[in-house]
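Novice: Okay, handing you the structure first.
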């Protein structure tokens, strides 16, 4: 009789997704690694390839929910734990966060959330001793968690105090709270379409914004959506789509796009008929930019170079230069919730030094009469209004060209008194809060005399 063969035990469904979520959370909170590098590219988590699409989507949503509601989760768990979250076993901390996030905000049965979190700690040598604690705390969370949230203004808890203090100082307490509230919602999906926005809004079960962007709440991989493989649209927040529109008619104009990857603005410029040179210092990001342009059947010259040091071989100057400068990215926290917990106040000063050099380079690249559009996805005035004011004070040959209300589809709220663009996450309200808002962006249009 042949020996009996036993199949290896199969893993509990959903456990792998939660284990990877715990690894990625640990990467953000303890190793200061961004979500982008852990989810995509050469340094992505190796376990992602084995996950089914559904589990991968669950893992991403789980991580994003925890980071978006980290302050509130800390408040709830601190009330349910007599001695605080265990510090000697990171997996126990992650398991508590993962379980509580599912119980409080996600459509996961409470018993499944508790069971899978317990299994998560049981599978880790250092954390296994906390299995009973995790089980008890999460069961209490299912009973008592929501009342604990209701007793506080949770949105402001989910923004680091240093950042909330900055926004309150710059925008006032009411606007700062409105920004925090907008960031607390899951992000919508914004698309820039080549043509016929109304048709694509219908096909993608979304709506067309006044600025022409198509906005939808569709979930899952964008590569599976209608029109992606045909290159009919690209993902781009409605606020991010505005700066490239400030050049006006681009047909036949020579434009330099500095810090261009991943290429949303490059695609806009090329689609509008410009002769574009797109520059980025990351070879990996330039490769991604070229791939995106290829899918969209758009043409631009993409170069890997440090924009500050790059020299234009043609030597003829540019009709326009777009500077989408590296920044603290605090305007994108709704879409990239790790930013709130990875950045520090000191990072802003380091960024402004680079932004100033990029602006000076852009002025040097321009022809007389050329247009410079400077933008950042930051809510911090040091990276926006103050940078441009300093340039105008030091460069007599540069002047501001104010943006008109007509150029931004009548949205007067997103213009500063000086005529610059300043979008906030609480702008563009909607009856459904999931469809409201914009990334926080700043843009100024300047002319070289």
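The values are calculated or read from the model by the stated rules, or taken from the named source; none is laboratory data. Values in this document were obtained by computation on a predicted structure and should not be read as measured data. Note: ideal-geometry Cβ built from the backbone for every residue, glycine included; neighbour counts use all protein chains shown.
Novice: Can you say whether residue 278 is part of a helix (DSSP H, G or I) and either under 24 Å from residue 439 (Cα atoms) or not assigned by TED's automatic domain parsing to the domain that holds residue 376 (or both), as far as the supplied structure shows?
Specialist: Spelling it out, it is not the case that residue 278 is part of a helix (DSSP H, G or I) and either under 24 Å from residue 439 (Cα atoms) or not assigned by TED's automatic domain parsing to the domain that holds residue 376 (or both).
Novice: OK, next. Among the residues of the range 373-406, how many are crowded, with 17+ Cβ neighbours inside 10 Å and closer than 15 Å to residue 239 by Cα?
Specialist: Looking only at that region, the number is 9.
Novice: For the range 278-297, what are the residues that are without any contact (Cβ under 8 Å) to a residue 40 or more places away in the chain, more than 20 Å from the chain's Cα centre (by Cα) and under 16 Å from residue 244 (Cβ atoms)?
Specialist: 278, 279, 293
Novice: Starting from residues that are buried (at least 19 other Cβ atoms within 10 Å of the Cβ), touching a helix residue (DSSP H, G or I) at 6+ places or on another chain (Cβ under 8 Å) and free of Cβ contacts under 8 Å to residues at least 24 places away in the same chain, keep the ones in the range 148-202 and report whichever is nearest to residue 422 (Cα to Cα).
Specialist: 176
Novice: Which pairs do you get when a residue that is at positive phi, found in the range 237-257, comes within reach of a residue that is assigned to a strand (DSSP E or B), reach meaning Cβ atoms under 9 angstrom, with the pair 6+ apart or on two chains?
Specialist: What qualifies is 248/371; 252/275; 252/319.
Novice: Filter the range 213-234 for residues that are loosely packed, with under 14 Cβ neighbours inside 10 Å and either at pLDDT 95 or above or in the same structural domain as residue 436 (by TED's automatic domain parsing) (or both) and give the result.
Specialist: 226, 229, 230
Novice: Still on this structure, please answer the following. Mind listing whichever residues of the range 72-96 are at pLDDT 90 or above, over 26 Å from residue 181 (Cα atoms) and more than 27 Å from the chain's Cα centre (by Cα)?
Specialist: Residues satisfying the conditions are 81, 92.
Novice: For residue 249, state whether it is under 16 Å from residue 375 (Cα atoms) and at pLDDT 95 or above.
Specialist: no
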